[in-house]
Amino acid sequence: MHKPRIFIVNCYADNHRHARGNRWFAPQSMATGVLAGQLNAQTTDIRVWCEFKDGPLLDLKPLAWADMLVLTGLNTAYDRMRHLTAYAKTLNPKTVVVAGGPAVRMLHKLSKQFFDHVCTGDAEQLADVVANEFGSHHRAEIPTPRFDLMAWPGPIGYAESSRNCNFRCSFCSMTAENRPFTSYDLNMLERLLIPQADRNCIMMLDQNFFGGSRDGVLLRLERMKQLHQRGHLQGWSALVTGDFFKDPAYLGRFKEAGCIGFFTGVESFSAAQIAAYNKKQNLVVPQFENIRNCLDAGLVFHYGLVLDLYERSVKEVTTELDMLLTEPRITLPSFLSLAIPLLGTPLFKTRLHQKALLPGLKLRDMDGRSVMTQTIDPLNVAVDFARRMDTGLLPKWKLAGRAASLTWHYARKLRPIAMTSALADVVAMAYPRLGSAGRDGFFPSKGGRSYCATTEPTGTLYRPQINVADRYQAFFSPLQVTDAEGALCQSLVDDLG
Ligand code: SF4
């Protein structure tokens, strides 16, 4: 009997225009495995591809093979989803294309122009779509992510115990989607973690492991502890929100359960900026204090910073970054990003109302590495700053000193994998493009970056690699967010107006 052939692709638009994937980067995406887990592995023939890990899908044969192409990806990957649709429909006009993910949910009316099925729900919706197309016996009996298909290299594995977030930060896609925080059945943890028992560390990719009721957090924690004590979980890390650090007793309890550290969205050390982002949970305990307390308790602290050049000058954010180097006992950010007014968020609506989005803004360039709004400084100063983000904003000799001081203070307190990850952040600050091949070269004249959303070239992935059918040619035009005046493009008004 013919098994439906289902090809699941996590699309990715790399802001460095990589020619290859980011196999060794942490965290990796779980999306394709979670989607595959909704389907019956016995009755369907499933293949997956993650463009983040594996690089752009350049071998198009699986697109001709598939009865159904399932696409997901972050906002900036929306164009890439249209490209693969054009290829798939050209190579096999009978292919059914299913699309989901945050951009599709935000642009669900527009998306009907491009995809056969537009999913506005969570991964579980895929089972409904497959049941409608091929029969209900293709649903998984007990949906469980297929991480066996992911082939993540190295010592790190991934899992999650909940979905969505209980906070509503103004820039976050969680806020735009406004879905409730939901804990999974705790038995799911065993199904996810026991097969990954040989990994040194499992990154729990919940939006907020500390979300929901305190009783719920303690139940999750207790299950993690049991798995750790039984030898099914060597170590783990979690994403938590700033309010977690209010009660220092949690640090000890998490450590006892095998936790090795945290990622938390610090975003900024400026209280005014944090308040502007409605991230009040970050004002509960001074941020430097959080980081030091956490490290002193033997748990590594990772975080990212958002640099908002519409609200703050280059001088201000540079001073903030320099300040990080005056405190030898804190870890450095894992990444720096320009503020992104993601589609549908309060920040997006505010910037649109302020007429602050640059004219001719493409969704592809809302990636945190291109200037996409008006800026306090002259635009060329802001663009130069964005360019320098790629070569490192902090002096390398000072970063070498920071690596030494972190090692001195914490090598005996942190587990080796946690210490290594703290040093990896220092390297990331020194060499932000480390490992990047730069698919399209470095110079705008050769297809490289301009660092300004109005002039940023889209790159060679936007040139069809085969002759696509006429009706799909337009799928290779980048999706415009603003028009020549900086107003919302007419095509998005139904979804976002
Ligand atoms: S705490 Fe994090 S996940 Fe939750 S809304 Fe804020 S930014 Fe989003």
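Here are a few things to note about the model shown:
- Extension gain, K398 to Q465, is 19.6 nm, computed as 0.36 nm per intervening residue step minus the present C-alpha separation.
- For region 342-354, 3J(HN,Hα) computed residue by residue from phi via the Karplus equation (6.51, -1.76, 1.60; θ = phi - 60°) reads 4, 3, x, 7, x, 5, 4, 5, 5, 5, 5, 4, 6 Hz, glycine and proline entered as x.
- Dipole moment magnitude, nearest 20 debye, region 5-138 about Cα centre, only Lys, Arg, Asp, Glu C-beta charged: 380
- Euclidean distance between Cα centres, region 476-497 to region 146-160, Å: 37
- Principal axis box of region 162-210, alpha-carbon based, largest edge first, Å: 39, 21, 15
- Additional length obtainable on full extension of the chain from D45 to Q229, 0.36 nm per residue less Cα span: 62.5 nm
- All Cα-Cα separations within the chain were binned at 10 Å from zero, giving a P(r) of 4, 19, 29, 29, 16, 4, 0, each value a whole percent of the pairs.
- Under the combined filter of DSSP loop state and at most 14 neighbouring Cβ atoms within 10 Å, region 226-258 retains these trypsin sites (Lys or Arg not before Pro): R230.
- Over the chain, relative contact order from alpha-carbon pairs under 8 Å, at least 6 apart, %: 15
- When the chain is described by a simple charge dipole with +1 on each Lys and Arg Cβ and -1 on each Asp and Glu Cβ, the residue from P341, F181, V266 located farthest towards its positive end is V266.
- The value for region 154-430 of Rg(Cα) / (2.2 N^0.38 Å) is 1.03.
- Lacking any other cysteine beta-carbon closer than 4.7 Å, the following Cys residues of the chain have no compatible partner: C11, C50, C119, C165, C201, C259, C294, C452, C489.
- Too-long pairs where the Cα-Cα distance tops 29 Å, listed order kept, from K3/K89; K246/K315; K89/K362; K53/K315; K355/K396: K246/K315; K53/K315; K355/K396
- For region 5-138, radius of gyration divided by Kirkwood radius, i.e. Rg to Rh on alpha-carbons: 0.94
- Backbone phi angles across region 191-201, fed through the Karplus curve with coefficients 6.51, -1.76 and 1.60 (θ = phi - 60°), yield HN-Hα couplings of 5, 7, 8, 4, x, 10, 4, 7, 7, 5, 8 Hz in residue order; Gly and Pro are listed as x.
- Taking amide H positions as modeled 1.01 Å from N, with prolines and chain starts lacking one, the residues under 5 Å from G486 and 5 or more places away or on another chain are G360.
- In the chain, taking the dipole from charged Cβ atoms about the Cα centre, the farthest positive-side position among S161, F288, H2 is held by F288.
- Remark on L239: its backbone amide H falls under 5 Å from those of M204, D206, F209, F263, a criterion applied only to residues 5 or more positions apart or on other chains, H modelled at 1.01 Å from N.
- Karplus 3J(HN,Hα) series, Hz, for region 27-43 with 6.51 cos²θ - 1.76 cosθ + 1.60 (x for Gly, Pro): x, 8, 8, 9, 4, 5, x, 5, 5, 4, x, 7, 10, 6, 5, 7, 9
- When only alpha carbons are used to place a centre, region 337-378 and region 58-90 end up 27 Å from one another.
- Cut-off under 5 Å, modelled amide H: who pairs with V371 long-range: C452, A453
- Residue order, fewest to most beta carbons within 10 Å, for V381, V104: V381, V104
- In plain terms, the chain from K280 to E320 could stretch by 12.5 nm, reckoned as 0.36 nm per residue minus the Cα-Cα distance.
Each reported figure results from applying straightforward, stated rules to the coordinates on display, with no laboratory input. Since the structure is predicted, the reported quantities are computational estimates derived from the model, not experimental observations. Methodologically, a virtual Cβ is constructed for each residue, glycine included, from the backbone with ideal geometry; neighbour enumeration extends over all protein chains shown.
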